[in-house]
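Scroll down for the structure; my scribbles are underneath it.
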Amino acid sequence: MRLSQFHLATVKEVPADAEIASHRLMLRAGMIRRLASGLYTWSPLGLRVMRKVEGIVREEMDRAGAIELLMPSIQPRELWEETGRWQKFGGQLLKIKDRKQQEFCYGPTHEEVITDFARNELKSYKQLPINFYQIQTKFRDEIRPRFGVMRAREFLMKDAYSFHLTQESLAETYAAMYQAYTRIFTRLGLTFRAVQADTGAIGGNASHEFQVLADSGEDAIAFSDGSDYAANLEKAEALVPVGERETPTETLARVDTPRVRTVEDVTRYFNVAAHRVIKTLLVRGHDGLVALCLRGDHELNEVKAGKLAELSGESVLASEEEILAAIGARPGFIGPVGLPQNIPVIVDRDAAQLADFICGGNTNDVHCSGANWLRDARISRIADLRNVVEGDLSPDGKGVLHIARGIEVGHVFQLGQKYAEALGATVIDDQGKPQLMTMGCYGIGVSRIVAAAIEQRHDDAGIVWPEAMAPWRVVVCVINPKKDPAVAEAAEALYQSLSQRGIETALDDRGLRPGGMFADMELIGIPHRIVVSERGLAAGTLEYRGRQDADSRAITEQDLFALLG
RNA sequence: CGGGGUAUAGCUCAGUCUGGUAGAGCGUUGCGUUUGGGACGCAAAAGUCGGGGGUUCGAAUCCCUCUGCCCCGACCA
């Protein structure tokens, strides 16, 4: 590509509210332009990169036996009514009407459409298993779009849906998709981890997220240093602590603690560590309030809490009014000692080990010290309620957990029969009987990968693309071609011979001064740079510099071809 | 949904408190000089100051209202 014939649109300034590196760099490099909140135009440069990602995804999906199709982005309400998700999906579902007032939504995902397709197309078990995929624009009306295309409302996604007669068949395709994803992210040159994920309300047997590791990631993941265990923080189990509960040595006392509300306040007031404090959260259960007790230095894991039998699927904190009405004290002064009998007290595994702890006194401005389980406070049940922390033992018994941040770029999921059941998707089995199909679904955030890669790979000068994602692998920069026609000719000849070898090459023939040209090429992250100048021509060599090299070096044309393979 | 901020030239922003003919940098256009790390000079084009209403002799500036956008929060007591 001759850059004089392309549309490169780098800019020096970027809005103050572009917070993370990938967002800033994508704007500066001119890869994207914002149209409205969460909506972006992909410029020719940005699109080249996204197409690279798409290409690798497509190749690996095809290799893994999936078949590409394309479904509409707009979907009819009736189909979503069949699965109950027209209501359940919530505010993320963008609903629209046509001129006849018929209702539609812009597809945030395609389970309904593909299952409808499958129930019409698939009649016999002999057609199974089958795995359909598409690369399609989706729209989710995010509460708060941010970080550019990282969390945009409209985004490009590869989604695949597999259909099976048996769970075993599903497990096979699931494993194949897991392998395909591993190949995809490896080929893309990203540092990633496949982590166990919570299967959520849908149930199902297995789910893994593929997380690109980056400090700016919105997800927390836990991984072991002694095995390949890795899980989303929501999912990672906090093991039962070793050893017995300590023996009480103190007597229970009520202490006046005016305005001491938070755990931090309590540690300061009593001069104790946070892990000697019990914090008590009141949540709404099936049947009135439920108390959840945790150590002061631990955080509630809402997914784990939501699964408690006493709760109805999700953990919703009681309001201050509810708490006042039930306990007679404000939040901040709630504790397990002397709670009304009708409130179940569910205690975290670690919290249950404590002795002589401090907790709220269930009276405003009062805390209890020297409190002990059983002697002073009921335990209805002990459960894993907390998020794991750095240094916890790995749930598989090997090694210690570390916490890292990640960007979710892929998700594989064994769906089961939920959608097949709702939409009546059956095939005739070898006994001639209709059987519900079992499904899997597998997503990859194509546009998000572009941002995630930049997040992981950039420096002060700009983007550092992995070779597989770069808009061009090499750029030929021409210095002062007008002064000496031989320079222009040499650059043109090199550009031609690189292109003929199938190496994607950009020729920077825009006529910029060297400084501006170099800065642009570094900003847009081209992995290899060749400078053709009067100087080099005289010496009979080319000047090569890799994107992350400190200096350039002389190289012959033959060595260059060898280097670029 | 709650709180806060913001809206001025193509872009990034000053100017608003204290009302008096609209500003800068970058970019763009023309001419000239330059040409190995974002050059310089001269000239030029470019803004219904987010929309509507009000106060005033006079509003980017004060008041009301609507809208867009951004940030924080939506439970960890």
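The values are calculated or read from the model by the stated rules, or taken from the named source; none is laboratory data. Nothing here was measured: the structure is a model prediction, and the numbers come from that model. For neighbour counting, all protein chains shown are included, and Cβ atoms are generated from backbone atoms with ideal geometry for every residue, glycine included. These area figures cover heavy atoms from the full protein model, side chains too; ligands, DNA and RNA do not enter into them. Shrake-Rupley method; radii C 1.70, N 1.55, O 1.52, S 1.80 Å.
Points to keep in mind about this one:
- Sites matching trypsin sites (Lys or Arg not before Pro) across region A:154-250 that sit in DSSP coil, with at most 11 neighbouring C-beta atoms within 10 Å: none
- Stretch in chain A that is longest and holds no GluC sites (Glu not before Pro) that DSSP places in a loop and that have at most 10 other beta carbons within 10 Å: A:14-243
- Residue order by solvent-accessible surface for A:K100, A:K482 is A:K482, A:K100, largest first, with ligands and nucleic acids left out and a 1.4 Å probe.
- For A:S312, the accessible area of its heavy atoms, probed at 1.4 Å with every protein chain present, is near 70 square angstrom.
- For A:L79, neighbours were defined as the other residues whose beta-carbon sits under 14 Å from its Cβ, and their charges (Lys and Arg +1, Asp and Glu -1) total -2.
- Within chain A, helix-based [θ] at 222 nm, where runs of 4 or more DSSP H residues each add -39,500 (n - 2.57), nearest 500: -7500 deg cm²/dmol
- Look at the Cα gyration tensor of region A:474-564: its axes a ≥ b ≥ c give a/c under 1.5, and that counts as rounded.
- DSSP-defined beta bridges in chain A - what % are antiparallel, rounded to 5: 80 percent
- Taking a sphere under 15 Å around the Cβ of A:A66 and counting the other residues whose Cβ falls inside, with K and R at +1 and D and E at -1, yields a net charge of -3.
- Pairs from A:K97/A:K304; A:K12/A:K138; A:K304/A:K398 whose Cα-Cα separation, in the structure shown, is over 27 Å: A:K97/A:K304; A:K12/A:K138
- Loop-located chymotrypsin sites (Phe, Trp or Tyr not before Pro) in region A:206-305, at most 12 other Cβ atoms within 10 Å (DSSP): none
- As a fraction of the 1.4 Å probe accessible area of chain A, surface on carbon and sulfur atoms comes out at 49 percent.
- Accessible surface calculations at 1.4 Å, restricted to protein heavy atoms, place region A:22-163 at 46 Å² per residue.
- At the residue level, A:Y174 shows approximately 20 square angstrom of accessible surface with a 1.4 angstrom probe and all protein chains present.
- With the simple spin-label model, which puts each label point 7 Å out from Cα in the Cβ direction, the A:Q92 to A:E320 separation comes to 3.1 nm.
- Additional length obtainable on full extension of the chain from A:V400 to A:D287, 0.36 nm per residue less Cα span: 36.8 nm
- Environment charge of A:K418, counting only residues whose C-beta is closer than 11 Å and scoring Lys/Arg +1, Asp/Glu -1: -1
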